[in-house]
Structure formats: C-alpha cells, structure tokens
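To start, the structure under review is shown below, and the notes come after it.
The values are calculated or read from the model by the stated rules, or taken from the named source; none is laboratory data. Computed from a predicted structure; not experimentally measured. Cβ coordinates were reconstructed from backbone atoms using ideal geometry, including for glycine residues, and neighbour counts include every protein chain displayed. Heavy atoms of the whole protein, side chains included, go into the accessibility calculation; ligands, DNA and RNA do not. Shrake-Rupley method; radii C 1.70, N 1.55, O 1.52, S 1.80 Å.
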Amino acid sequence: MERKLISSGTKWEAIAGYSRAVRVGNQVEVAGTTAVDENGDVVGAGNAYKQTRFILAKIEKALQEAGATIQDVVRTRMFVTDIQTWQEVTQAHGEVFAAIRPAATIVAVNALIQPDLWVEIEVTAILSD
C-alpha cells in the first residue's frame, strides 16, 4: 500500500521525525495537534474552547490534504492539562462531531510542549470504499 505523508512545514517535523498526518490505504492518522498557528504563536491562550476549535480546524485541513474529511473520523484522543476544562473541550468537540460521533477519549496530562497550550488532539480517520 502507498504511504502518503502530510506535512505542515514546520522545522519540528524533520527534527523529531514525524508527519502532521500519514495515510496508508484507506486509513489516516493525524498526529497530536495543538493550537499553534503558522507563525508559531499560540491561539486561544487561556481558553480551552478556542484552542479546541482551532485544533479541529487544523486537523480538518490535514485530513483534506490526505484525501479525507472530518466525516471520516472514527476516533479522537484529547489531552488536556487541566481536567476542569473538559466541558469547554467537549463542547467544541461536540460542535464538530455531534453527527459523526467518533469513539473519543479525554485524559488529563501533566503538561504539553508549551505552558500556554492546554489541549492536544489526535484523530484516526477511515475512508469508506
């Protein structure tokens, strides 16, 4: 099967040896995604809802580059630095996935790569034949 690598173009992909997303066959895996824009700035600092919405838009773009859509998502994994923000995160998640209803996980973690980042999300998508 062909392996298609999707890049966001950041220097970190080459340094850490990862891709924004990878498509093999009809499956797409999108790497952990945070609320950092193309300039390296944190979007929605101090607001888990805004970070989640921005992250999901970034994920949707990566899916499109892989030939998938948000409707193809079957699994989401959400990591938050403060479990008290779970309602903000799941509200934003629900606005995007209410009709799709992928399997979902949300867990609290000690920290992300930058202190202003409160949310990280990764997804799995499977395209139908």
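See the values below:
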item: Residues located in region 96-129, provided they are at pLDDT below 95 and among the aliphatic types (A, V, I, L, M); result: ILE113
item: Answer residue from region 33-48, given it is farther than 13 Å from LEU63 by Cα and not in a loop (DSSP other than H, G, I, E, B) and is nearest to the chain's Cα centre (by Cα) among those; result: VAL36
item: Filter result for the condition that a residue is out of contact with any Pro (no Cβ under 8 Å at 6 or more places or on another chain) and on the phi > 0 side of the Ramachandran plot, over GLY94, GLY46; result: GLY46
item: Long-range neighbours under 7 Å by Cβ, at least six apart or interchain, first residue closer than 21 Å to GLN64 by Cβ within region 1-19, second part of a helix (DSSP H, G or I) and open to solvent by 70 Å² or more (accessible area, probe 1.4 Å); result: ILE6/GLU65
item: In region 2-58, residue nearest to ILE126 (Cα to Cα) [restricted to those that are open to solvent by 30 Å² or more (accessible area, probe 1.4 Å) and acidic (Asp, Glu)]; result: GLU29
item: Residue check for SER8: within 25 Å of TRP118 (Cβ to Cβ), touching a Leu at 6+ places or on another chain (Cβ under 7 Å) and part of a loop (DSSP other than H, G, I, E, B); result: no
item: Extreme residue, nearest to the chain's Cα centre (by Cα), among residues of region 111-126 that are β-branched (Val, Ile, Thr) and open to solvent by less than 70 Å² (accessible area, probe 1.4 Å); result: ILE121
item: Matching residues, region 81-118, being assigned to a loop (DSSP other than H, G, I, E, B) and not hydrophobic (A, V, I, L, M, F, W, C); result: THR81, ASP82, ARG101, PRO102, ASN110, GLN114, PRO115, ASP116
item: Test result for ILE106, among the aliphatic types (A, V, I, L, M), surrounded by 13 or more Cβ atoms within 10 Å (Cβ to Cβ), more than 24 Å from SER8 (Cα to Cα) and out of contact with any Gly (no Cβ under 6 Å at 6 or more places or on another chain); result: yes
item: Residue among GLU122, GLU60 that alone is within 18 Å of SER8 (Cα to Cα) and either basic (Lys, Arg) or not in a helix (DSSP H, G or I) (or both); result: GLU122
item: Search result, residues across region 67-80 that are assigned to a strand (DSSP E or B) and either farther than 25 Å from GLY40 by Cβ or more than 14 Å from the chain's Cα centre (by Cα) (or both); result: VAL73, VAL74, ARG75
item: Matching residues, region 78-91, being out of contact with any Pro (no Cβ under 9 Å at 6 or more places or on another chain) and surrounded by fewer than 19 Cβ atoms within 10 Å (Cβ to Cβ); result: ASP82, ILE83, GLN84, TRP86, GLN87, THR90, GLN91
